[in-house]
């Protein structure tokens, strides 16, 4: 039993010594650290405006900002603005599930009549 402990201790010390010895010999090539170069900071305000800059600024000042959606949009017209032939097409477009009132929703695609069309099958 004593011989087994001595052999185990010798193996452990040999491994630890070998690891330490290899770490001392092989420091490895370290990449050189680049020194920071002094770069003159240039402010966008220091650059003179070109003719195209002035043209874009004049267009922005002259045009009104368009509204995202006009206020009185008919929901029926919105529903008919997108048409899908079936749920496979809706899923392929990444729009499933469709809720009532969303573009492309039709009651014939809503099998259980809960207002959600092309919902995932929850039987599995």
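Read-outs: derived from the displayed coordinates by stated rules, not from any lab. None of these values were measured; they are calculated from a predicted model. Don't worry about glycine lacking a Cβ; one is built from the backbone with ideal geometry, like all the others, and counts go over all protein chains shown.
Below are the figures for this structure:
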{"quantity": "Length released on extending from residue 19 to residue 60, taking residue separation times 0.36 nm less the Cα-Cα span", "calculated": "7.9 nm"}
{"quantity": "FRET efficiency, residue 82 to residue 45 (Cβ-Cβ, R0 35 Å, nearest 0.05)", "calculated": "0.15"}
{"quantity": "Separation of the residue 52 and residue 7 label points, Cα + 7 Å toward Cβ, nm", "calculated": "8.0 nm"}
